[in-house]
1. Say the dipole of the stretch B:87-172 comes from +1 at the beta carbon of Lys and Arg and -1 at that of Asp and Glu; which of B:Met172, B:Asn160, B:Val94 then lies farthest toward its positive end?
2. What per residue convex hull volume, in Å³, comes out for the stretch C:70-171 when only alpha-carbon positions are used?
3. What's the FRET efficiency of A:Asp229 with B:Glu85 using the Cβ-Cβ distance as r and R₀ = 30 Å, to the nearest 0.05?
4. Mind ordering A:210-219, C:86-95 by average Cβ neighbours within 10 Å, highest first?
5. Which lysines does B:Lys60 reach when only Cα atoms under 18 Å apart count, and residues fewer than 8 places away in its own chain are ignored?
6. In the stretch D:220-266, what GluC sites (Glu not before Pro) fall in a loop by DSSP, with at most 15 other Cβ atoms inside 10 Å?
7. Ignoring solvent entirely, what values of log10 I(q)/I(0) come out of the Debye formula for the stretch D:5-260 at 0.10 Å⁻¹ when each Cα is a single scatterer?
8. Answer with one residue from C:Ala129, C:Val217, C:Val188: the one whose Cα lies farthest towards the positive end of the charge dipole of the stretch C:5-260, charges on Cβ with Lys, Arg +1 and Asp, Glu -1.
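What follows is calculated from the coordinates using simple rules that are stated; it is not laboratory data. Worth saying up front: this structure is predicted, and the values here are computed from it rather than measured. With ideal geometry, Cβ positions are generated from the backbone for all residues, glycine too; neighbour counts draw on all protein chains shown.
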Protein chains: 4
Amino acid sequence: TRPLTLIAGPCALESREHALEMSHALREVADTLGVNLIYKTSFDKANRSRAESDRGLGMKEGLPVLAEVRERTGCLVLTDVHLPEQCAPVAEAVDVLQIPAFLSRQTDLLLAAGETGRPVNIKKGQFLAPWDMANVVDKVRSTGNANVMVCERGVSFGYNTLVSDMRGLPIMAEQTGCPVVFDATHSVQQPGGQGTSSGGQREFVPVLARAAVAVGVAAVFMETHEDPDHAPSDGPNMVAVNALPEILNTLLALDRVAKDHPVRIT
Amino acid sequence: TRPLTLIAGPCALESREHALEMSHALREVADTLGVNLIYKTSFDKANRSRAESDRGLGMKEGLPVLAEVRERTGCLVLTDVHLPEQCAPVAEAVDVLQIPAFLSRQTDLLLAAGETGRPVNIKKGQFLAPWDMANVVDKVRSTGNANVMVCERGVSFGYNTLVSDMRGLPIMAEQTGCPVVFDATHSVQQPGGQGTSSGGQREFVPVLARAAVAVGVAAVFMETHEDPDHAPSDGPNMVAVNALPEILNTLLALDRVAKDHPVRIT
Amino acid sequence: TRPLTLIAGPCALESREHALEMSHALREVADTLGVNLIYKTSFDKANRSRAESDRGLGMKEGLPVLAEVRERTGCLVLTDVHLPEQCAPVAEAVDVLQIPAFLSRQTDLLLAAGETGRPVNIKKGQFLAPWDMANVVDKVRSTGNANVMVCERGVSFGYNTLVSDMRGLPIMAEQTGCPVVFDATHSVQQPGGQGTSSGGQREFVPVLARAAVAVGVAAVFMETHEDPDHAPSDGPNMVAVNALPEILNTLLALDRVAKDHPVRIT
Amino acid sequence: TRPLTLIAGPCALESREHALEMSHALREVADTLGVNLIYKTSFDKANRSRAESDRGLGMKEGLPVLAEVRERTGCLVLTDVHLPEQCAPVAEAVDVLQIPAFLSRQTDLLLAAGETGRPVNIKKGQFLAPWDMANVVDKVRSTGNANVMVCERGVSFGYNTLVSDMRGLPIMAEQTGCPVVFDATHSVQQPGGQGTSSGGQREFVPVLARAAVAVGVAAVFMETHEDPDHAPSDGPNMVAVNALPEILNTLLALDRVAKDHPVRIT
């Protein structure tokens, strides 16, 4: 079992300059701490609360920027896909394709992502049980692509709230055989909680990340921004870049314990 | 306020023959009871639990069948769309476009559906609160299309279970100004409840439909099949065609009371 | 199947005068509409959010008042018990003993209530499934008392919110064989929702009551007050006495339909 | 911040011999690992699923046994109280009084427990939010007793299931100022899940305990038995005594990290 990987970056691809700055800053943090980094950003926010909300650079302008980040920083790059036809071009620009949680049951998208041969990170839908992910993973695997990760990001708990069930992490690991990612950012989202946008609870990102890492995960997903309060999306649940080192230090110490004492549920 | 409309039909478009038989049978039931009918069927089941599951005729073969049903029976026809590019061709074959619950936050799909000018029935996501639908409806309306219906189909309640919150019906009516539909079929779904497919509780379809109609709704959505136990999808929660008249009789009697005494929540 | 019974009254027993006025007013409403009335009030609010909150007259002062209400109005009277030793004296003053939802699993309380021989109305705990009530009812029946009613009052749904699952009504009817009561007042409670007291959504009392009656129940439980906004407890979810006739009119019309067309789930 | 305390013991007080054996065995485990132990057992299981279920020795026979355990092992002893009048006698036999989750809103019980002056461990009701515990704690504190602990044991999540929200641990710590206990045993209970008794998921006890300890708690509560599969109650969610050392070793390693890096949510 390998040490914890960090999947981090700003929620949205805001501009070429921002992406290059952010990726360099994160690379530096990761290198200092000796943690493996996958840079995450979205070229399109396709399911914002409102039609008027900012959606990011878009695929055409965004993919060259992602490719440039990859080349310049040497980081692996991850981004999400929303339609089957996006998968092939996205797979040329980035290393990991991500399936958004709302779309985790869309067969054609899963098949198209699988067919690129790239690793696929599937967010578990807010409406799915951990054991429901076995069928979801099988859809991608049916394309012959065995590089699948599954990602917990909270499950619906009443209205406008999610809860993170830590039992789900070993259940998914066992039932899918995939590396399990814990998305600490979206797990603290309060969907629709601010009327025309989603709220969040940034202060609980390290809380839930600690819990998940202590149980045992392959990677933590944490969106980050140099100024989260002014970020175009998911600001309330992103952590500041300069808060990362302290958070990661604790997570890495917990990860060492967890990897020395792996959980067994059978 | 108009009397109750019935949106009914088999979950999947199985074949041309099946569609014509079913639509004629339902038309007869509806005419006998004097209820307004919209015929519903899906040309593609795009989010089955497993990749191997049957998906229906597909768009290319299916749309001519839907157009034929419309012409032969004189019924309005409703079907669901899964990708933005499907909206325009589908709008030529049917009367009402439906947005699946999982996709109720996909901005491009909502815009494309709105742009057809056809009435759009939006299923509320299993992860959304009733008041979250105002933003969803606004996305469609931003295209200039004011013909929007919103549809309750249950909200996530623990794992593999949905619950129907009857408060949501007047909340959605008030906050969106749209006619409200109650989907009694999918509200009794047990998502993922049978391992590789979703379970259901057919016996509760009339229970929840009664409750919704008594509160006051514009339409009830009820999938139906001549032999639900052998239907290719959603069998466990479809009601038999020959059980419809008795169910509808009760619903129509409740609807008369409800429409005479409209609920007010403000 | 008998027509709908109404269980109504103010949440708390505020004073002798208030109880006599309220019970006469409700008796008048009930007689005018031809509905069977059980007068409900609590001599002790034993589980308020805060220790400082008003708890009502108490058992010693309260029981004679309840007995007087019974004698003067000729109404059946119902009140709740909180400790085993309260059951015997309470049973001398009132007609129906009620088990609070939080206490629905306390074996000694259920047994003591059963042993009085009085009818017992058991509120379903906010933490119980409908099918869990069969064991609860069996505890009372083990005393030889077969007069048991079960009462739905909402189930926990995320934090500080309840949801009413209308499937539970026929499930409880079938599995316990008891008359089923729907408590429309506490089903719209927002437990702890106002910081130091529970909030409520009075406007949804008639909404949920309609739904329950259309499915089919023996009785509706509705707390009421001549001035709910100034009531000492549960004000936010009590309806005004003068709003009752309109609400009941609709419920009685729905009840006639429901009783003519009883639901069957097996 | 002190190292982790362990609250452990068999669910029910089965017999004097069993209590003495178990407490000695646990004392030995605790001493070997250098962990502070509070011995837990219940003299009465007052809220079993069924009336017929075994309830334990009872208060009269049980209290002398608890006092003997305390004297012989030198352990602190904790037991739960169900009625106000039990508090004073129980306080003479044991060191810590525990309020069961179902009873966490019963004002008189909380006051009576507080008045003993003994430390009180309050289980958070399955129907309460973390922030609801501030009012609950205030009830005990109103007696002048400041020795209060609050205990997370899962919150209702759909039917027959609980979920543990790790955000609740620092919320309760901050809002009540009390030491926070995580009950890993009842958090994996499946209430009513076996028809006439509650089920459980023993394999997830260490999973949730790890998560809680990594977030930061004062104590972990873990019921244990030398032969859980034949225990009279809560067998499915108790861990075997001989599995404790390995579980505790991991928890203590995580606790060291957590106490070195305390969580801050404000």
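1. Most positive-ward Cα: B:Asn160.
2. On the way: hull volume 11.3 nm³, N = 102.
Cα-based convex hull of the stretch C:70-171, divided per residue, equals 111 Å³.
3. Efficiency at R0 = 30 Å is approximately 0.20.
4. Working: A:210-219: 27.1, C:86-95: 18.7.
Per-residue mean Cβ counts within 10 Å order the peptides as A:210-219, C:86-95.
5. B:Lys40, B:Lys45
6. D:Glu226
7. For the stretch D:5-260 at q = 0.10 Å⁻¹, log10 I(q)/I(0) is -0.43.
8. Of the candidates, C:Ala129 comes out farthest on the positive side.
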